[in-house]
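What follows draws every value from the coordinates through simple rules; no lab data is involved. All values derive from a computational prediction rather than experimental measurement. FYI the Cβ positions are ideal-geometry reconstructions off the backbone, even for glycines, and counts take in every protein chain you see.
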Amino acid sequence: MYLSVLQRGFRGLLPASRQISTTLRASHESTLKTEQEPTVSAEPAEFDDGLLETNVNPYAKPPRKCLLCRTEVELDYKNARLLQQFVSNFSGRVYDQHVTGLCDQQQERLLKTIALSRKAGYMPVLVKDPKYLKDPKLFDPLRPLRPHSFA
């Protein structure tokens, strides 16, 4: 059975009910001798082209994870040194989510943990504790990781 390149290439794109197998004659002489139409079969032809069907894009970027999810750090109200990293030096306010780059769940946990730590007396309310001013920065508050939601 001789199939053209187009017939082989598009066979996998048609649903099984629409696939037709056509048999073409090998020589032009046999076509002239017998004045018959090419035979058409209603069942799909068996042709394995070796294509793999995957639902996963191999070129897709891996999903972005926030700092706390990526490092699997658990927030604790007694760990004031870590919590102070997310607080402004001047006002004592917690940085917004677009500055810290945290996911929604971790930002909510951070806010609750900082509130609990302040109530327990581990963190000051209005300013950042001076002994933590020289700690390394996890992010730059002047250069947010994401654009602001109101911008």
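Remarks
- Residues that are in contact (Cβ under 8 Å) with a residue 12 or more places away in the chain and surrounded by 13 or more Cβ atoms within 10 Å (Cβ to Cβ) within segment 108-126 comprise R109, L110, L111, T113, I114, L116, S117, Y122, M123, P124, listed in sequence order.
- Residue list for segment 98-107, restricted to those being outside any loop (DSSP other than H, G, I, E, B) and either touching a Leu at 6+ places or on another chain (Cβ under 8 Å) or crowded, with 21+ Cβ neighbours inside 10 Å (or both): H98, V99, T100, Q106
- Check on A115, among the aliphatic types (A, V, I, L, M), at negative phi and in contact with an Asp or Glu (Cβ under 8 Å, 6 or more places away or on another chain): no
- Conditions (1) part of a helix (DSSP H, G or I); (2) of a type in the set (K, R); (3) under 28 Å from the mean Cα position of the chain (by Cα); number of the one not met by R146: (1)
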